[in-house]
There are 2 protein chains.
Amino acid sequence: MRSDLRPFFAPAGVALIGASDNPSKLSHGILKNMISYGYQGAVYPVNPKAKSILGLTCYPDIRQVPDPVDLAVIIIPAPAVPEALEACGERGVHAAIIISGGFKEVGPEGAALEKICLEIARKHHMRLIGPNCVGTLNLYTGLNTTFIQGVPARGGISFVSQSGAVGGGVIDYLRNKGVGFAAFASLGNEADITETDVIEYLATDPDTRVIAAYVESIRDGQRFLRIAREVTRQKPIILLKAGRTEAGARAVSSHTGSLAGANEAYRAAFIQSGVIEANTVAELFEIATALDTQPLPQGPRIAIVTNAGGPAALASDSLASHGLKLATLVEDTRQALRTHLNPAAQVDNPIDMLGGAEPHDYAFALNQALQDPNVDATLTILVPQALVDPAEVARQIAQVAQSAAKPVLTCFMGEHSVGQAREILRRAGIPMYTFPESAGYVLGAMQRYAKWHQRTWVEPTRPEGCQPEKVAAILSQFASRRVLGEAESRLVLDAYGVSLIPGALARNAEEAVEAAERLGFPVVMKVVSPQILHKSDVGGIRLNLKSPGEVREAFSEMMTRLQSLLPHADLEGVLIEAMAPAGHEVIIGMRRDPNFGPVMMFGLGGIYVELFRDVAFRVAPLTHDDALEMIFETRAGRLLSGFRNQPTADLEAILDAILRLSHLALDFPEIQEAEINPLLVRPKGGGAVALDCRILLENGM
Amino acid sequence: MRSDLRPFFAPAGVALIGASDNPSKLSHGILKNMISYGYQGAVYPVNPKAKSILGLTCYPDIRQVPDPVDLAVIIIPAPAVPEALEACGERGVHAAIIISGGFKEVGPEGAALEKICLEIARKHHMRLIGPNCVGTLNLYTGLNTTFIQGVPARGGISFVSQSGAVGGGVIDYLRNKGVGFAAFASLGNEADITETDVIEYLATDPDTRVIAAYVESIRDGQRFLRIAREVTRQKPIILLKAGRTEAGARAVSSHTGSLAGANEAYRAAFIQSGVIEANTVAELFEIATALDTQPLPQGPRIAIVTNAGGPAALASDSLASHGLKLATLVEDTRQALRTHLNPAAQVDNPIDMLGGAEPHDYAFALNQALQDPNVDATLTILVPQALVDPAEVARQIAQVAQSAAKPVLTCFMGEHSVGQAREILRRAGIPMYTFPESAGYVLGAMQRYAKWHQRTWVEPTRPEGCQPEKVAAILSQFASRRVLGEAESRLVLDAYGVSLIPGALARNAEEAVEAAERLGFPVVMKVVSPQILHKSDVGGIRLNLKSPGEVREAFSEMMTRLQSLLPHADLEGVLIEAMAPAGHEVIIGMRRDPNFGPVMMFGLGGIYVELFRDVAFRVAPLTHDDALEMIFETRAGRLLSGFRNQPTADLEAILDAILRLSHLALDFPEIQEAEINPLLVRPKGGGAVALDCRILLENGM
């Protein structure tokens, strides 16, 4: 699909524009890396001032470079880059990595230069990585266009980083750590190729089993959502997002010059696309490695095999706080353990074989745990004991794990005594942690991904009865307005099939009485005026009007009072509405995120929305399941589904309103915000109706 | 204060009972450790079967061991331990560490043996560590009674562990990690000496600057609370609690044979005593090391000095999520940075010197940050760059840090390129992290402890007007009851000065009318019956009775209906109460924890208590500040202090009720649970009154 990115990882030949024979230059380091890791393609240094570098013929210009060459790596001063790109284009090179800095990240002048580079690339149908990046790495083709010293081991993880520094630091750290890479790409300013492009490409790369990413900002959130949802059906994506707090976002924003999107949109998009979010760099690679080396667990039930209780308790805490359970072993397993192990051993889970446990005890207990039908995954813990050889325990675990169809994770607590064991487990592809707490987030992530992977695939669908032409006509009527009040918003929502409390606009007392008689008493009266947004604050709402007389009197009182209170307000009339039946009040909202588009919100209405922040978010378009999950992410979801003998609310009616509002937002980009507050929800089968609503448009201001 | 524990860490002479000359025995390893780390006192192996071991004269019996000997380390089969202890007592040895297992942890028989050991020790005024433990370590006296291979570096951290395995694993890990120990104690089954005893002793130990603890269970919670509050005024205590989840507690409970207390009580006690809780083993020692090596920050404002934006963003996220802020640098600092650094560098915080930053740039920027009056602590980040020497950066940082009065923490991201730098920083006593996220929890913990350390010291005080004799008399009246309903509970609470909604007991309709007339109409009527606990469930509450007629009618209706509905209930009459004024409903409760005693709860009343679990806990006795903090730990606290234009509630009245209920619980251990639900709180100055209440006693069942 994105086969045009192949030259960045597996080119037939690569030219290094700006290659230097001075070993203290980064460009020299790159050239050295290019020829040091087994890359079989052609490597051409380009530099008019040198004849040969590192034994390779040096070319004065890319135009002189012979075939094959399908990737140019450029590391020359920023102002010279456009010319070099032009030359690449003319030479027919369709992929370029610009390592050089001095572009968007340094200010408006650099941004202009970056734009020129992009235009040249587009003209020549050339794809760009960078500028201001660290390059790419492919452990299978041996390509290394970075100046990072050393490479990680070969494996199934491909790592995409929006920060070259994070990429470099990680690679420096991961060498010999048992974390295996397939490919790496540092994307810099993302003038052309973005994280989403590379993720899409890696999905098709047979060497990549797991995609890991460090991300500061996602510019095209809708595309990311679409692509990530597709990719995670095939391989896991684990992502570390910087700028999750305001302070972090500030640090990112000054770094990349791009506006970090609101945290809620990112969080929602990751949930909806099955992307696993890591909290730290360490987590990112621990989760990725477990997914790379181990099968997926088929459920949340974990067995712990240990030679000490304390670390098992810490592991149990960590498992429980990540949604996992200690498996209840079947009686056969317990019987076998009882027969074989030290009589004082604990044969319940955690299986505590006590300090004297020998390597063969580990092998036996782990094997039993793996064969237990109640166990979905295992964690084996060893604390160094004076008389037991950790290396032999590691060998036995590796032996048992060979034929296991369930995850085998280990924690060998310590360092000095377990170095050899670590090496044995590393070679066997078995994750080993120093402290037991890692098991929780690793297995939690594996289990969440396994569930995602198993779920039935449904595309978001469009609710029936949406009438975009009608909305377009209404909106054009209010082209100069910034805010649509309830009366106008009702027209818009009605055109998309959202249920509204029955009501009618009345411009005078007689129309109000007529409307009330049509709706049936008692009724509610609300002022309609473009200048009055907070109707209740000015006494613009009257409840429970029981007769024509009361309606007439309320109308004249309200008009007289508001005219004197707000002499400049256009009082267009009143809305007459039926009194709301009993039910739960919830809030449904939409905010348009600059990166992700419409972000939907659901929460409990009233003062508690703000007090408890009991709200959840999803990016539109939502599937039916997305909307349901959003509701159940809140405590309000529990309240609505029969908490403490309350009747179950009509969840389907809430879903319907959410989906309709989301499609309204998708169809009309000029709608910046929309809110139904409250949406009154009746018990199951009774529906839900909007009692008040408001829409913000981008025009006006 | 606990100078009787000194022999466990600094004995004049130590005897090893059960010393073996067989190198494959643990006891041989212990003897080797005793003589390998510079311990200057006498070491006496005791074993009737050997003449000498490892060149030391071996004694057949402790009674033959010459002076000086004030510590016995016992590692012989469990059944032989009592006799050995007797001998120690007779020999005048007043401190013994029982390494041997086979006691409480293996079942009732072992528990009986353990009890015998304790009795022998008590008889001889002997203190015991263990049994089933790993022993003690003192890096300053060189004493090592463990069989753990190797010891950590010397420093200011003393580590107390209820798990020998966790202790051993940690020591195995920490060697050469830049974490410095003063002492270590593994406590095993805690037959005699507990974690609290050792913490109390370590407070007086001049070599101990920081106390770290791994804890599974605290048996005497009240004593822990008292001691820990005292100790944390002098030195920090950082604690890792296992069994924080139900699964974790299960693992602990099967391990130590002791009942893990409810998590809420632990959490509350740690907050109230200024104990810093760590979430993982790694956190425990990262926090302890920073507190050991660095000064306390005077506030939450952190400056970041970095050569890359991505890691700074991750650090900023982590700082923000631990309550810290990025410092706003003063203009002088920014000016100096602007003049000195690369013109493209960012001179706002994070100070991003970009990839080319040289060692002298680091020195300059860090120095500027430390001198900035807006900065309370610093984090310096380095990502390996091809052309910069991390070791030289480390040297410069170490140089600047020497004269710093503010914390200097570092993150050198990577491993291969930063090994030498790590060693330089380790020797300089500067914490260095591999990934930027550690900074958040470390600085967060330092800042919390600094605040605790600075706060004015107040002892819990007893509210005036508590009448224990009166309560004793009331409780003796209900000696056979398990539950006291509202009518009886009102009497108890009233005797401790808790404000109640005005009300009176009435046994018949006439008394009810009289009471109503005295209180003033309208009134509330509630049935009084020991068999009816949920009054409203059976229609036992009538609101808003407006006249003598309505009261009379309601009384006869309620009695008739309840007699036929619940023929076996004793209907003692009704409570007539004034109608409640408007206000917020909160809940105040007390549950007696088996380890900690009375645990107080505060939360918002009504359905939201359960839905949002918006509750906080503190262990009695509480100070005024404890109670205030408890309220503000909940979202209800925000609601009560003027959220969204609500009037501020009478917080002092809530505090008063909490403190009175807590002293009631402290004075009467037979009260198992008590609850005021709701407590109606009026706006500030208006007081708070109990609208309903209930007390559970331990008697009856």
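With a 10 Å cut-off around each Cβ of A:314-327, the average count of Cβ atoms from other chains is 5.
Inter-chain Cβ neighbour count for A:383-394, averaged per residue, equals 3 (cutoff 10 Å, partner chain atoms only). Sort segment A:3-290 into rounded, prolate or oblate with this rule: let a ≥ b ≥ c be the square roots of the eigenvalues of the Cα gyration tensor; rounded if a/c is under 1.5, and if a/c is not under 1.5, prolate when a/b is larger than b/c, oblate otherwise. Verdict is prolate for segment A:3-290. Database remark: amide H of A:Y37 closer than 5 angstrom to no amide H (H placed geometrically; neighbours at sequence offset of 5 or more, or on other chains; Pro and chain starts carry no H).
Semi-axes of the equivalent ellipsoid of chain B are 55, 40, 17 Å, computed as sqrt(5λ) over the eigenvalues of the C-alpha gyration tensor in descending order.
Distance between the 7 Å Cα→Cβ label points at A:R613 and A:N645: 3.5 nm. Pull up the DSSP beta bridges for the protein assembly as shown and report the antiparallel fraction as a percent, rounded to 5. Expressed as a percentage, antiparallel bridges in the protein assembly as shown total about 50. Within segment B:295-454, antiparallel bridges make up roughly 5 percent of the DSSP beta bridges whose residues both belong there. Modelled spin-label separation between A:A473 and B:K684, with each label point placed 7 Å from Cα along the Cα-to-Cβ direction: 5.7 nm.
Using a cut-off of 13 Å between beta-carbons, work out the net charge of the residues near B:A72 (Lys and Arg +1, Asp and Glu -1, B:A72 not included). Here the charged neighbours net out to -2.
Summing charges over neighbours of B:H624, with a neighbour being any other residue whose Cβ is under 12 Å away from its Cβ, gives -4 when K and R count +1 and D and E count -1. Calculated FRET efficiency, A:R223 to B:R154, Cβ-Cβ distance, R0 = 41 Å: about 0.10 to the nearest 0.05. The heavy atoms of B:Y140 offer some 80 square angstrom of accessible surface to a 1.4 angstrom probe. Projecting the Cα atoms of B:P45, B:L664, A:T634 onto the charge dipole of the protein assembly as shown, computed from C-beta unit charges around the Cα centre, puts B:P45 farthest toward the positive end.
Starting from the Cα gyration tensor of the protein assembly as shown, take the square roots of the eigenvalues, sort them a ≥ b ≥ c, and report rounded, prolate or oblate (rounded when a/c is under 1.5, otherwise prolate if a/b is larger than b/c, else oblate). Oblate.
Could you sort B:H124, B:H360 by their accessible area in this structure, using a 1.4 Å probe and putting the largest first? Working shown, then result.
Working: B:H124 35, B:H360 105 Å².
The most accessible residue leads, giving B:H360, B:H124.
Separation of the alpha carbons by more than 20 angstrom is noted, of A:K49/A:K123; B:K25/B:K115; A:K235/A:K451; B:K25/B:K49; A:K241/A:K325, for A:K49/A:K123; B:K25/B:K115; A:K241/A:K325.
Across chain A, the mean sequence separation of Cα contacts (distance under 8 Å, 6 or more residues apart), normalised by length, yields a relative contact order of 8 percent. Taking amide H positions as modeled 1.01 Å from N, with prolines and chain starts lacking one, the residues under 5 Å from A:F181 and 5 or more places away or on another chain are A:A153, A:R154, A:G155, A:I157. Helix content alone sets the calculated 222 nm mean residue ellipticity of the protein assembly as shown: runs of n ≥ 4 DSSP H residues at -39500 (n - 2.57) each, divided across all residues, give -11500 deg cm²/dmol.
Annotation: extensible slack from B:A12 through B:T204 equals 67.3 nm (criterion: 0.36 nm per residue apart, minus Cα-Cα distance). Relative to the other identical copies, A:G299 shows label-point distances of 5.6 nm, where the label point lies 7 Å from Cα along the Cβ direction and values run shortest first. For the set A:V170, A:V106, solvent exposure ranked by accessible area (probe 1.4 Å, protein chains only) runs largest to smallest as A:V106, A:V170. Round to the nearest 10 and give me the degree value, 0 to 90, for the angle of helix B:81-91's Cα axis relative to the longest principal axis of chain B. The angle comes out at about 70 degrees. Residues whose amide H lies under 5 Å from that of A:A12, counting only those 5 or more places away or on a different chain, are A:D70; hydrogens are built 1.01 Å from N in the peptide plane. Length available on full extension from B:D667 to B:L387: 0.36 nm per residue minus the Cα-Cα distance, which gives 93.8 nm. Averaged over the residues of B:171-178, the number of partner chain Cβ atoms lying within 10 Å of the residue Cβ comes to 4. Taking all protein chains together and a 1.4 Å probe, the residues A:R507, B:R223, B:R6, A:R219 rank A:R507, B:R6, A:R219, B:R223 from largest to smallest accessible area.
In chain B, the beta carbon lying closest to the axis that superposes B onto A belongs to the residue given here with its whole-angstrom distance, B:F612, 3. Rounded to the nearest 20 debye, the dipole size of the protein assembly as shown about its Cα centre is 1820 debye, using +1 on the Cβ of Lys and Arg and -1 on the Cβ of Asp and Glu. When the solvent-accessible area of the protein assembly as shown is split by element, carbon and sulfur atoms take up 51 percent of it, the probe being 1.4 Å.
In order along segment B:332-348, the phi-based Karplus estimate (6.51 cos²θ - 1.76 cosθ + 1.60, θ = phi - 60°) of 3J(HN,Hα) comes to 4, 4, 4, 4, 4, 5, 4, 5, 8, 8, 2, x, 7, 5, 8, 9, 7 Hz; Gly and Pro are listed as x. Across the identical copies, the 7 Å label point of B:T648, projected outward along Cα→Cβ, sits 4.7 nm from its counterparts, in ascending order. In segment A:3-290, the DSSP beta bridges split such that about 15 percent are antiparallel, to the nearest 5.
Buried accessible surface for the B/A pair, both sides summed and rounded to the nearest 100, is 6200 Å² with a 1.4 Å probe. Could you tell me which of rounded, prolate or oblate describes segment A:508-599, using a ≥ b ≥ c as the square roots of the eigenvalues of the alpha-carbon gyration tensor, with rounded for a/c under 1.5 and, failing that, prolate when a/b is larger than b/c and oblate otherwise? Oblate. For B:E109, the point set 7 Å out from Cα toward Cβ sits 8.7 nm from its twins in the other copies, listed from shortest up. The calculated FRET efficiency for the pair A:A405 and A:R175, based on their C-beta separation and a Förster distance of 30 Å, comes to about 0.45. The length gained by stretching the chain between B:N22 and B:T461 to full extension, at 0.36 nm per residue less their Cα-Cα distance, is 152.0 nm.
The values are calculated or read from the model by the stated rules, or taken from the named source; none is laboratory data. These numbers come from a predicted model, not from an experiment. So basically every Cβ, Gly included, is an ideal-geometry build from the backbone, and we count neighbours across all protein chains shown. For the accessible areas, the whole protein counts, side chains as well, though only heavy atoms, and no ligand, DNA or RNA atoms are used. Shrake-Rupley method; radii C 1.70, N 1.55, O 1.52, S 1.80 Å.
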